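Scroll down for the structure; my scribbles are underneath it.
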Amino acid sequence: MWVITFLSVFHALRAEKILQKQGIDVKLIPIPRQLSGSCEGLAAQLAADDVKRAVTILTANRIEMVRQGVEVK
Amino acid sequence: MKIYLDNAATSWPKPEAVYTAMDCFQRNIGANPGRGVTQSSLASSALVLETRELLAELFHINDPLRIAFTLNVTEALNLALKGILLPGDHLIISGMEHAALARPAFALRKQGIELAVVPCDAEGLLDVRDLAKAIRPNTKMVGLLHASNVTGTIQPIAEVGKLCREKEILFLVDSAQSAGVLPIDVNRQCIDILAFTGHKGLLGPQGTGGIYVRPGIAIRPLKEGGTGSWARNMEQPDIMPDCLESGTLNTPGIIGLGAGVRFILAQGLERIRLHEQQLTALLWHNLKKIPGMTVYGPSDLNGRTAVVSFAVDNMDPNQISSFLEMDYRVVTRAGLHCAPLAHQTIGTLPGGTCRLSPGFFTGGREIDVVIQAIEEITRKYRR
């Protein structure tokens with residue numbers, strides 16, 4: 001699965017709202033253990049095809065991301 | 001029923017939705033926002049985020065996450081001043097400031113920050129040219145109260161903002177008396193830092209407030225602690241809003257504040273402002289007719305908010321305020337209103353004034369009762 005991770009819960013929630021408004025399906029999940037070295041909190045899980053567009057949209061909305069789309073197995 | 005004319009201190013009553021939103025959260029959700037990954041915590045976080053988004057809409061802020069919550073406007077102003085200024089920096093404030101800005105400013109002066117207080121005219125208005133003259137090469141910040149809590153005088157913040165932007169000076173606005181009543185647009189008015197309180201014009205409960213910080217400006221926090229983010233790191237995160245929000249938030253209060261702001265956005269600022277102006281006009285014109293009466297602040301209704309301060313010859317404002325409550329159940333506030341600078345400016349030291357501040361829920365008939373009450377009191381007791 002593909003995820004984008006955020007600095008805090010507020011960033012994750014804001015990202016979820018912004019992406020849903022743009023028609024991108026996301027689901028907030030706990031940050032997968034493999035990634036939790038960077039920070040704790042929430043990640044947005046999304047389809048591989050949507051990652052590029054999602055990162056562009058979030059960057060334009062000044063939502064800081066820790067991992068700008070990473071595949072977790 | 002009491003007649004409540006102390007909305008400049010705390011607005012009352014609140015919209016019904018404020019009470020129900022807080023009650024609903026306390027009974028049904030109650031969890032900590034921003035912590036953990038449970039659905040309960042997420043529900044709290046989502047509600048807190050919603051209040052940020054509503055405030056962002058009201059103040060025309062592009063990124064709601066640049067808003068951090070504080071206890072009140074006083075904490076927000078302390079953060080802005082103490083979290084940015086360093087010894088050797090020059091700070092400019094006006095002669096109409098409330099203690100919330102003036103006291104930390106004077107405290108900083110003892111620590112090596114240079115302070116200029118630009119005088120205002122007898123109606124409390126700042127002349128931007130005087131402010132321009134006070135600017136020095138080391139001027140770091142201009143701090144200005146948008147509307148006076150003593151006279152209601154509205155300062156020309158867009159002009160000041162433009163001047164500050166040109167000179168690359170940070171512009172801090174204290175919106176205690178204006179948020180929820182006057183249009184505030186942080187971009188158009190070039191506001192770098194906006195301090196607001198939740199319990200006045202924004203119609204939220206006491207214990208809520210916040211600070212907007214423009215992207216690119218970093219504020220040193222007044223306190224460090226748990227933020228729910230970067231939990232493994234012993235250092236405070238530097239991202240907004242987490243860096244300024246250590247410890248569990250006043251979640252029920254913030255949710256109540258959100259309901260207040262939603263009410264304001266639904267009514268529209270213009271409607272709120274118009275109603276308050278009508279009440280202010282009634283007070284202003286009728287009070288002026290009472291013998292021995294001085295009413296302070298601008299006569300132009302467009303230059304003031306719904307704060308009407310008055311004094312009566314040979315009468316103590318506190319005495320008037322007491323009579324109004326005891327004999328007529330009218331709640332007002334008398335004295336210096338935590339703003340000695342403003343009273344110095346309008347010439348009402350040391351006695352101060354009696355202040356009437358109606359709100360959106362005040363009716364015209366209530367104002368009639370108050371005017372008659374003041375007339376009777378002055379007739380009876382004025383020597």
* To do: Give B:140/B:162; B:14/B:288; B:289/B:380 a once-over and call out the pairs whose C-alpha atoms are over 22 Å from each other.
  => B:14/B:288
* Structure fact -> With the 8 Å Cα cutoff and a minimum separation of six or more residues, chain B has a relative contact order in percent of 24 percent
* Summed side-chain charge close to residue B:85 - residues other than residue B:85 whose Cβ falls under 15 Å, Lys, Arg +1, Asp, Glu -1 -> +4
* Structure fact -> Note, residue B:359: beta-carbon cut-off 14 Å, +1 each Lys/Arg, -1 each Asp/Glu, net +4
* Could you state the number of Å between the C-alpha centres of segment B:66-89 and segment B:109-174? -> 16 Å
* Asked: Stretched out fully, how many nm does the piece from residue B:24 to residue B:185 gain, at 0.36 nm a residue minus the Cα gap?
  -> 54.8 nm
* Sequence neighbours fewer than 8 away in the same chain don't count; with that in mind, list the aspartates and glutamates whose C-alpha is under 20 Å from residue B:223. => B:75, B:235, B:238, B:242, B:245
* To do: Assign one of three labels to segment B:71-158, namely rounded, prolate or oblate, based on the Cα gyration tensor with a ≥ b ≥ c the square roots of its eigenvalues; rounded applies when a/c is under 1.5, prolate when it is not and a/b is larger than b/c, and oblate otherwise.
  => oblate
* To do: Could you work out the local net charge near residue B:321, counting Lys and Arg as +1, Asp and Glu as -1, over the other residues with Cβ closer than 11 Å to its Cβ?
  => -1
* **Rounded tilt (10° steps) of A:9-21 against the dominant C-alpha axis of chain A** => 40 degrees
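How many partner chain Cβ atoms sit within 10 Å of a residue's Cβ in peptide A:10-20, on average, as a whole number? Mind showing how you got there, number by number?
Values: counts 17, 7, 5, 10, 7, 0, 3, 5, 0, 0, 0.
Per residue, the number of nearby Cβ atoms from other chains is 5 on average.
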* Nearest-5 percent of antiparallel DSSP beta bridges in chain B? -> 50 percent
* Taking a ≥ b ≥ c as the square roots of the eigenvalues of the Cα gyration tensor of segment B:278-383, is the shape rounded (a/c under 1.5), prolate (a/b larger than b/c) or oblate? -> rounded
* To do: Using only Cα atoms, locate the centre of segment B:47-63 and the centre of segment A:5-61, then give the distance between them in Å, rounded to an integer.
  => 20 Å
* Asked: How would you order B:359-370, B:209-220 from highest to lowest mean count of nearby Cβ atoms within 10 Å?
  -> B:209-220, B:359-370
* Asked: With each run of n ≥ 4 DSSP H residues scored as -39500 (n - 2.57), what mean residue ellipticity at 222 nm is computed for the protein assembly as shown after dividing by its residue count and rounding to the nearest 500 deg cm²/dmol?
  -> -11500 deg cm²/dmol
* Restricting to the protein assembly as shown, what percent of DSSP beta bridges are antiparallel, rounded to 5? -> 65 percent
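Work out how much length residue B:40 to residue B:235 would gain on full extension: take 0.36 nm times their residue separation and subtract the Cα-Cα distance, in nm to one decimal. Provide the component values of the computation, followed by the final result.
On the way: separation 195, 0.36 × 195 = 70.20 nm, distance 2.73 nm.
Gain in length upon complete extension: 67.5 nm.
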* Over the whole of B:124-136, what's the average partner chain Cβ count within 10 Å per residue? Rounded to a whole number, please. => 0
* Specify the angular offset, from 0 to 90 degrees and rounded to the nearest 10, of the alpha carbon long axis of helix B:364-381 from the longest principal axis of the alpha carbons in chain B. => 50 degrees
* Could you pull out every one of the aspartates and glutamates with an alpha carbon less than 13 Å from that of residue B:110, ignoring same-chain neighbours closer than 8 positions? => B:89
* Between residue A:56 and residue B:57, what is the FRET efficiency for a Förster distance of 35 Å, r being their Cβ-Cβ separation, to the nearest 0.05? -> 0.90
* **Global geometry of chain B, whether rounded, prolate or oblate, following the gyration tensor of its Cα atoms and the 1.5 cut on a/c** => oblate
* Structure fact -> From the Cα centre of segment B:223-296 to that of segment B:333-383, the distance in Å is 23 Å
* Rounded to the nearest 20 debye, dipole of chain B from Cβ charges on Lys, Arg, Asp, Glu -> 380 debye
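Can you give the average number of partner chain beta-carbon atoms within 10 Å of each beta-carbon in peptide A:3-9, as a whole number? Show your work: numbers first, answer last.
On the way: counts 0, 0, 0, 2, 9, 13, 16.
Taking the mean over all residues of the peptide, I get 6.
Laboratory data are not the source of any read-out in this text; all were calculated from the coordinates shown. Because the structure is a prediction, the values reported are computed rather than measured. In this analysis, Cβ positions are derived from the backbone assuming ideal geometry, glycine residues included, and neighbour counts consider all displayed protein chains.
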